[in-house]
1. So which residues in segment 82-98 are open to solvent by less than 20 Å² (accessible area, probe 1.4 Å) and within 24 Å of residue 135 (Cβ to Cβ)?
2. Among the residues of segment 48-55, are any in contact with a Cys (Cβ under 8 Å, 6 or more places away or on another chain), under 25 Å from residue 121 (Cα atoms) and open to solvent by 20 Å² or more (accessible area, probe 1.4 Å)?
3. Could you grab me the full set of residues in segment 57-87 that are modelled with pLDDT under 95, touching a Pro at 6+ places or on another chain (Cβ under 9 Å) and of a type in the set (Lys, Arg)?
4. Which of the residues belonging to segment 144-159 are open to solvent by less than 70 Å² (accessible area, probe 1.4 Å), touching a helix residue (DSSP H, G or I) at 6+ places or on another chain (Cβ under 9 Å) and not in a strand (DSSP E or B)?
5. When segment 51-78 is examined, which residues are found to be under 17 Å from residue 146 (Cβ atoms) and not in a strand (DSSP E or B)?
6. Can you confirm whether residue 126 is modelled with pLDDT under 95 and more than 20 Å from residue 64 (Cα to Cα)?
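The values are calculated or read from the model by the stated rules, or taken from the named source; none is laboratory data. Just so it is clear, the model here is predicted, and its values are computed rather than measured. Counting neighbours? That spans all protein chains shown, and the Cβs are built from the backbone with ideal geometry, glycine included. Only protein heavy atoms, including side chains, enter the accessible area calculation; ligands, DNA and RNA are left aside. Shrake-Rupley method; radii C 1.70, N 1.55, O 1.52, S 1.80 Å.
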Amino acid sequence: MRVLETRLPGMLVLEPEVHRDSRGFFLEVYHAKRLAECGIHARFVQDNQSRSAHRTLRGLHWQHRRPQAKLVRVLNGEIFDVAVDIRRGSPTFGAWEGVHLSSDNFRQTFIPEGFAHGFCVLSDTADVEYKCTDYYDPGGESGLLWNDPAVGISWPISAPVLSPKDRAYEPLNRQGGLPTLGPGGELIWVPDQENGT
């Protein structure tokens with residue numbers, strides 16, 4: 001497995017070894033020991049899968065009561081997968097990284113806790129699967145406006161298809177309850193009642 005670092009500390013791109021022959025291909029999509037050797041010591045407890053049509057944009061999401069790290073891959077199609085550093089006190093606070101994931105390149109992204117996550121669909125449809133380190137908590141869901149000008153994500157599509165919820169999220173400068181990066185690199189989550197987080 002090849003591991004590529006990104007400009008966001010902790011966000012990694014994984015390129016598994018793919019064995020191909022005339023019959024097709026074989027690869028290991030998850031191997032806890034190999035991930036640990038790459039510095040990923042996450043314990044995943046929930047797998048999610050979505051199917052989305054062309055130009056769908058899902059995000060940008062995170063959980064504030066039960067923070068999740070994610071391991072994302074594409075089963076069918078192609079997406080532009082994005083993470084935004086929302087950790088106050090981080091040198092890369094507000095910075096973003098985008099990676100093309102597809103069923104042809106077999107890449108995966110590891111998105112740590114303290115990052116907003118989203119993706120847009122570049123193919124006719126895309127099936128996306130991601131592993132999470134904590135269980136989904138509907139009351140602990142938060143989100144960032146997909147086209148926040150202060151973040152400035154260069155989405156490779158125009159006029160995306162959005163859910164009403166994703167369309168209504170606030171920009172980063174109006175977010176409450178964001179995590180703070182502690183002196184030892186730990187995340188400190190302080191609920192912000194006024195903002196509902």
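1. The answer is 82, 83, 84, 85, 86.
2. yes
3. Correct list: 65 only.
4. Within segment 144-159, 145, 146, 148, 151 meet the criteria.
5. 54, 55
6. It is false that residue 126 is modelled with pLDDT under 95 and more than 20 Å from residue 64 (Cα to Cα).
A quick yes/no check of all residues on (1) outside any loop (DSSP other than H, G, I, E, B); (2) open to solvent by less than 20 Å² (accessible area, probe 1.4 Å); (3) in contact (Cβ under 8 Å) with a residue 60 or more places away in the chain:
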position	(1), (2), (3)
36	yes, no, no
40	no, yes, yes
80	yes, yes, yes
100	yes, no, no
113	no, no, yes
119	yes, yes, yes
130	yes, no, yes
142	yes, yes, yes
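Let's see how each residue does on (1) more than 29 Å from residue 17 (Cβ to Cβ); (2) among the hydrophobic types (A, V, I, L, M, F, W, C):
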position: 106; (1), (2): no, yes
position: 139; (1), (2): yes, no
position: 149; (1), (2): yes, no
position: 157; (1), (2): yes, yes
position: 162; (1), (2): yes, yes
position: 177; (1), (2): yes, no
